[in-house]
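Student: Next up is a structure, given as C-alpha cells.
Every number in this text was worked out from the coordinates using simple rules, so none of it is lab data. Remember, predicted model here, so these are calculated numbers, not experimental data. Note: ideal-geometry Cβ built from the backbone for every residue, glycine included; neighbour counts use all protein chains shown.
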Amino acid sequence: MTHSTIDLAVTAEDRHIATLAAAAVGLTLVEAAIPLPLPGVKPGLANIVTLIVLYRLGWRAAVWVSLLRIVAGALALGTFLSPTFVMSLAGGLASLAALGALVHLPKTLIGPVGLSLLAAFAHIGAQLGVVSVWLMPGVNLLPLLALFLGAAWLSGLVNGLVVANLLEIEK
Amino acid sequence: MSGLGRLRGLRPGDWLVLVGGAALVALLLGQVGAAGDRVAIKQGGRLFLETTARLDRSIAVPGPLGITQVEIRAGRVRVLADPGPQQICVRQGWLLPGQTALCLPNRVSVERGASVYDSLNY
C-alpha cells in the first residue's frame, strides 16, 4: 500500500460504511422478494450487517448503516414516507437505541445472540407501538404480540448465530 | 466449527435473553388461548355475568320464570337447570367454543367464547 492510504483514512471508512449499507439494502431487497405468511413477519437479514458493523466499527457506524439501509431500502421498494417506512424507521431506531445501551455491557456477559434478540424485540415492540397508537388505535394487539414476538425470537436467534459465526470467521 | 459448537459459545446473558424471550412468548400465547375461555351470561339482553371457564362455579340467573342454573366445570359450560317448558338449552349439554345456549322463556343466554380468526387484526 502507498502512503495515500493514510490520506484516505476517513474516506475509506465512509466507503466502508456505504459498502456495508449497500449489502444491507441488498439483503432487504432479497427479503422483500421472499413470500411470507404474514405481513410484518420478516427474518430481518439486514440486521446481520448492522450487528457486524456494531462489533467491528462501533455504534455510530451501525447507526449510519442502519439508517442508510432504511432510507435507501424504502426508496428502492417504493415505500418511502409511507406507513411501512415509518414502521421500519421506528423499529430501526428502537433497535439502535437498544444496541447503543447493550454495547456497553461486558463482552463476556452478553454476545451477538443476546444483542440480536433484544434488538429484534425492541424492533417489533416499536413497530407494534406505532400500529396501536397511529395506524390501528383501539385494536387489541395482544394475539399479534405473541405471534410477532415469537417470530422476532426465532429470527433474532438465527441472525445472532449467523453474526457469531461471521465474527469468528473474520478473526 | 459446527452450529452446535456455536451454541456452546453463548454468553450467560445470551441464554438469559433467549430463555426469557421464549418464556415471554409462551406466556403471551397462553393469554391468547385464554380468550377462548370466556363465558358470558346474559339476562333480558343485558350482560349478567362475564367470567372464565377455568374457574369452576355454579351460577343462578334469575329470570321471569325463575332461576336458570348455569354450571362451569373443568373448563366447560352448560345450563344445568332451567324453568322453561321445553328444556332446549339444558339438552344442549356442554357448550363447544363459540356456541351459545338460549333459554328463551327465561330470557337467559350463555355464550362460550371462541378464539376466532379475526380479519381485522390482520
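Student: Kindly put A:Ile124, A:Ile34 in sequence by how many other C-beta atoms sit within 10 Å of each C-beta, fewest to most.
Tutor: A:Ile34, A:Ile124
Student: Run the dipole for segment A:42-171 about the Cα centre, Lys and Arg Cβ at +1, Asp and Glu Cβ at -1, nothing else charged, and hand back the magnitude in debye, nearest 20.
Tutor: Working: 6 positive and 2 negative charges, 34 e Å.
Computed charge dipole of segment A:42-171: roughly 160 debye.
Student: Another one. So for segment A:59-171, averaging the separation of alpha carbon pairs under 8 Å that are six or more residues apart and normalising by length, what relative contact order in percent results?
Tutor: Values: 94 pairs, mean separation 31.8, N = 113.
Worked out over segment A:59-171, it gives 28 percent.
Student: Another question, then. I need B:Asp56, B:Asp37, B:Asp14 ordered by Cβ neighbour count within 10 Å, fewest first.
Tutor: Least to most surrounded, the residues fall as B:Asp56, B:Asp37, B:Asp14.
Student: What ranking of A:His123, A:His16 emerges when the number of other C-beta atoms within 10 Å of each C-beta is taken as an exposure proxy, fewest first?
Tutor: A:His16, A:His123
Student: Where does helix A:83-102 land angle-wise versus the long Cα axis of chain A, in degrees 0 to 90, nearest 10?
Tutor: Compared with the principal axis, the helix lies near 60 degrees.
Student: Per-residue Cβ counts within 10 Å, from other chains only, averaged over A:97-110: what number is that?
Tutor: 2
Student: With a sphere of radius 12 Å drawn around the Cβ of A:Ala21, what net charge do the other residues whose Cβ falls strictly inside it have (Lys, Arg +1; Asp, Glu -1)?
Tutor: Result for the local shell: +1.
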